[in-house]
Amino acid sequence: MRFEWFVASRYLRSRRKQSFISIISIISIGGVALGVATVILAIAVLNGVEHGLKDRFLANEAHVVFRLHGHSFFSDYQKRIEQIEAIDEVIATSPVVLSQTAVFPEHSDAIQDVIYIKGIDPVQENKVTGFSEFVDGSTDLLNSTFLEDARLIRDETITGGIVLGARLAARLGVIKGDVLRFIVKLARHPVNESMLLPDLANFVVIGFYESEMAVYDNNFGFIHIDAAQKLYNKPNRVNAIFVRLIDAELAPQVARKIEDAVQFSVLEGMPDARTWMEMQAPLFSALRMEKILTVVIEALIILVAAFNIASTLIMTVMEKTKAIGTLRTLGTSRGNIMKIFMIQGSVIGLLGTMLGTALGLALCWLLSFNNVRPSYWFTLALIVPVFLQVLIALRRALPRHGGWKFGLGVLWLIVIGFALYCAVRPISLADLGLSQVYQMNQLPIQINWFFVIFINALSFLICWLATLYPAWQAANLKPVEALQHE
Amino acid sequence: MPNSAETIIRVVDLHKSYYDGEAELPVLQGINLEIYMSELLAIVGASGVGKSTLLHLIGTLDRPTTGSVLYDEHDIFTLPDTELARFRNKEIGFVFQFHHLLPEFTALENVAMGALITTSNDKTVYKEAEALLDYVGLSERLSHFPSQLSGGERQRVAIARSLINKPKIVLADEPTGNLDRRSSEAVLELLWDLNSKSGQTFVIVTHNQELTQQVDRVVQLVDGNISSG
C-alpha cells in the first residue's frame, strides 16, 4: 500500500494545472462534511427532545396505571394496593378516582369546558407523581384557607377544593378562591318526571397545576379522593391505582406481575395494567419515526456528496489517463492503479466525515448554550482563529496553487454565515412549532456517541463505495491507449 | 549477430489486428523475430507500419491477436495481469518518444517510481535513483519537476527511469524523435554507453538514419512483416 499512498497523496495535493479538480475535491469534502454535520446535529436534537420529554413525562406521570377493563370502580382497593405493594419493584401506589365532568365557573351561566377530574389522596399521590411539586397555591384539598373563606361567605354547599391545570384555569378565567361548578349527574325532577335537573357540586379553586405537560395543564383538575367518591356516590371505591417503580424501564415486566398479583372475580372485570410506554406510544413512536426519516434524508445528502466524489474521481481518471498508462508501463498492476484512486476518494470521504463530525459536534455545543446564545463577538472569536489555522494549514499544503483561494472564500462565507445565523437567531422549539405540544422552550441536545460512530462509518462506507467505479475504470484502461491519450 | 548468442526474446508468428467497428485492420501479420542477449537492435520502417505496435507487444503492454512472445522460452501472455505487471516492472524498461514523466513528481521520484512499486526500502531506492540521475548527468536536477526541465533533460530522466530495476531489456520508441540534434546525440551516447557497460539488450524503434548505422542489427518492417533481418 505504500506505493499507492505515495502516488494518491501526491495527486490529492497536486499543484499543477488541475486546480479545477482541487476545488472540486474541496467541494466534495464540504458536501460530505455538511451531510455528516447536519445528521449529527439533527439526531442530537431529536434525542434531546425525546429525552427531555421522557424526563418531564416521568416526573409527573405514574409508571404503571392499574385499572379494570371498562374502567369500572372496584371495592377493597386497600387490599389490591397491598397486593401491588408486595411486588419488589414497586415503590409507591396511589388510589385514584378518574372521571370527566362538565364545568362552569360561577360567573358564567353556561358550560365552559369538559375536564378530567382526578380524585387523589395528596399524600399518596405525592409519592407516585410528585403532585405538590407542580402546584402553585395550596395542596390541602380539604382544609385550605380558601375553602374556609368560601364556606364563611357563601351560602352554597362547598364540596371541596380543586387544583386546576394552569392553562385550563387561564382558559376558564378563574383565579384562586373562585368557585367552579361541576355537573355531576342529571336527576329526575321530583314532580315533572319528564324533566331532568342537573346535580351540581361546588369546588373552590385553591391552586394551579403547572407541570409543563400539556395534557395535564390543559385538561385536568385535582380534587380529594373522598370528595370524588362522594360526588359519584362510590364510597370506599376507586377506579384506578397509580404505581411508581424503582426504575421506569421495568414497567412492562412489572405491569404483567401486577396483573397476576391482583385478583378479581369474573364479575368485577379483567385487570389491565398499562405502562407509561403504552400510554405515550404514539408520541415516542412518532419521535422514533422522525429519527429514522432524518437518518434516511441525511444519508441521501451524503449519497449526493458521494456522487460528487465519484464524478471528481472520474474527472481525475480522465485527466490522469496518460499517467495511468505510464504507471502501467512501469509495471503497476491493475490492482495498484485501482488502489491509487480508491485511496484518493477515501481520503476525501474520510476528511469530509471528520470535518463534518467536528462541525456537527461544534454546532451541538453552540446550541447547548440553552437560551443564552453566544454573541456575535463570541462566535467570531471562536471561528476566526479556527479558520486562520485551516487557512495556514492549507496554504502550506498547497503552495503555488491559485484556484483554491476561491473555494476557500466560499467555504469561509458559508461558515461565517451559518455561525452568524446561529448566533442571531436562537433555534427554539417555538420555531419548530413544537412548544405548544411539548412546552419546552429551549432546544435540548443529547449526543449519542454510538450514533456518531455509526454515521461516521456509514458516511465513510458510502464514500468508499463511490470510489469503486472510477477506480475500476482507471484500472481497466488499456496501457497503450492510455499512453496515446491526449 | 552471431548465432552463438543467446536468444532472450523469441517472437513467434505474431498477429495483431485492430477493430474499427466491424472492419478488421491487420497491423502485424505473422512476425517472427529473435532478439539476442546484449544486442542493440533497431526496428525501422515507414510510419504506420506497426513498429510501435510490435514494441508494445514485446513490452507486454498489449496482447496479440494470435501468436506469442517467448521470454526465455516462456510464453509471456499466459501470465495473469498481476504477474505480467510484475514481469514488466522487473525485466523491461521503456523509453518513449515523449518522455511520459509524471508531472506531479520530481525527477528523483520519477526515476524511483518503478522500484517504489514493489520495494519497502525507500532509502536504497532513492540512493539508486540518485546514482542513475548522476549517471545521465542530472545530479543538479534531482528535485526539479518535469516542467522545470528541458526536453533533452526530460528524456535523460526517462532513460534513468527505465533503468531503475536493472531490466534485461530496454525498449525505446523513437527516443530521439522529439529532440534537437544536440540533445539527440547526448541521449544516443548514453544508450551506447549503457549497452556497452551493462550488457542490457536494447530494442529501438527509430527513423533516425544516424542511429541505425550505430546499432548491431536493423530489421525493417514492411506491410506488417519483417523484410530483412
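The values are calculated or read from the model by the stated rules, or taken from the named source; none is laboratory data. Treat the numbers as computed from the prediction; the structure is a model and nothing was measured. With ideal geometry, Cβ positions are generated from the backbone for all residues, glycine too; neighbour counts draw on all protein chains shown.
Quick look at the numbers
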quantity: Any chance A:R288 is out of contact with any strand residue (DSSP E or B) (no Cβ under 6 Å at 6 or more places or on another chain) and within 14 Å of chain B (Cβ to nearest Cβ); calculated: no
quantity: Leading residue by the ranking (surrounded by the fewest Cβ atoms within 10 Å (Cβ to Cβ)) among those in region B:88-106 that are in a helix (DSSP H, G or I) and facing another protein chain (nearest Cβ under 8 Å); calculated: B:K90
quantity: Positions within region A:140-156 being among the polar types (S, T, N, Q) and buried (at least 21 other Cβ atoms within 10 Å of the Cβ), in sequence order; calculated: A:S144
quantity: Qualifying positions in region B:107-141 - more than 10 Å from chain A (Cβ to nearest Cβ), of a type in the set (S, T, Y) and in a loop (DSSP other than H, G, I, E, B); calculated: B:S139
quantity: For B:D75: the one exception among (1) of a type in the set (D, E, K, R); (2) closer than 22 Å to B:P175 by Cβ; (3) out of contact with any Phe, Trp or Tyr (no Cβ under 8 Å at 6 or more places or on another chain); (4) modelled with pLDDT of 85 or more; calculated: (2)
quantity: Residue list for region A:95-132, filter: part of a helix (DSSP H, G or I), touching a residue at least 24 places away in the same chain (Cβ under 8 Å) and of a type outside the set (A, V, I, L, M, F, W, C); calculated: A:P122, A:Q124, A:E125, A:K127, A:T129
quantity: Tabulated pairs, region A:1-13, first facing chain B (nearest Cβ under 7 Å), second assigned to a helix (DSSP H, G or I) and modelled with pLDDT of 75 or more, C-beta under 7 angstrom, 6+ apart or interchain; calculated: A:F3/A:N336; A:F3/B:L116; A:F6/B:L116; A:Y11/A:T316; A:Y11/A:Q344
quantity: Test result for A:R244, in a strand (DSSP E or B), surrounded by fewer than 18 Cβ atoms within 10 Å (Cβ to Cβ) and in contact (Cβ under 8 Å) with a residue 60 or more places away in the chain; calculated: no
quantity: Residue that is nearest to the other protein chains (Cβ to nearest Cβ) [pool: residues in region B:53-74 that are of a type outside the set (V, I, T) and over 17 Å from A:T329 (Cβ atoms)]; calculated: B:P64
quantity: Considering residues of region B:161-190 that are touching a helix residue (DSSP H, G or I) at 6+ places or on another chain (Cβ under 8 Å) and surrounded by fewer than 16 Cβ atoms within 10 Å (Cβ to Cβ) only, the residue modelled with the highest pLDDT; calculated: B:K166
quantity: Residue check, A:L300 surrounded by fewer than 16 Cβ atoms within 10 Å (Cβ to Cβ) and more than 14 Å from every other protein chain (Cβ to nearest Cβ); calculated: yes
quantity: Some residue of region B:34-56 being buried (at least 19 other Cβ atoms within 10 Å of the Cβ), touching a Lys or Arg at 6+ places or on another chain (Cβ under 7 Å) and closer than 21 Å to A:I324 by Cα; calculated: yes
quantity: Residue in region A:125-133 that is buried (at least 19 other Cβ atoms within 10 Å of the Cβ) and of a type in the set (F, W, Y) present; calculated: yes
quantity: Options A:G177, A:G130, A:G173, A:G137; residue that is under 39 Å from the mean Cα position of the chain (by Cα), assigned by TED's automatic domain parsing to the domain that holds A:I91, modelled with pLDDT under 85 and farther than 17 Å from A:F220 by Cβ; calculated: A:G177
quantity: Residue list for region A:187-215, filter: out of contact with any Lys or Arg (no Cβ under 9 Å at 6 or more places or on another chain) and closer than 27 Å to A:P95 by Cβ; calculated: A:Y209, A:V215
quantity: Conditions (1) over 30 Å from B:G114 (Cα atoms); (2) touching a Gly at 6+ places or on another chain (Cβ under 8 Å); number of the one not met by A:T294; calculated: (2)
quantity: Residue ID - surrounded by the fewest Cβ atoms within 10 Å (Cβ to Cβ), chosen from residues in region A:312-336 that are in contact with a Pro (Cβ under 7 Å, 6 or more places away or on another chain) and either facing chain B (nearest Cβ under 8 Å) or not β-branched (V, I, T) (or both); calculated: A:G325
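Results for (1) modelled with pLDDT under 85; (2) crowded, with 20+ Cβ neighbours inside 10 Å; (3) of a type in the set (A, V, I, L, M, F, W, C), shown as yes or no for each residue.
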residue: A:A169; (1), (2), (3): no, yes, yes
residue: A:E193; (1), (2), (3): yes, no, no
residue: A:L200; (1), (2), (3): yes, no, yes
residue: A:A214; (1), (2), (3): yes, no, yes
residue: A:N218; (1), (2), (3): no, no, no
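So that you can scan it fast, the table gives a plain yes or no per residue for (1) under 23 Å from B:N89 (Cβ atoms); (2) buried (at least 19 other Cβ atoms within 10 Å of the Cβ):
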{"residue": "B:A131", "(1), (2)": "yes, no"}
{"residue": "B:R154", "(1), (2)": "yes, yes"}
{"residue": "B:I159", "(1), (2)": "yes, yes"}
{"residue": "B:W192", "(1), (2)": "no, no"}
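Residue-wise test of (1) in the same structural domain as A:N47 (by TED's automatic domain parsing); (2) closer than 30 Å to A:T38 by Cβ.
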position: A:Q263; (1), (2): no, no
position: A:M277; (1), (2): no, yes
position: A:R288; (1), (2): yes, yes
position: A:T294; (1), (2): yes, yes
position: A:I301; (1), (2): yes, yes
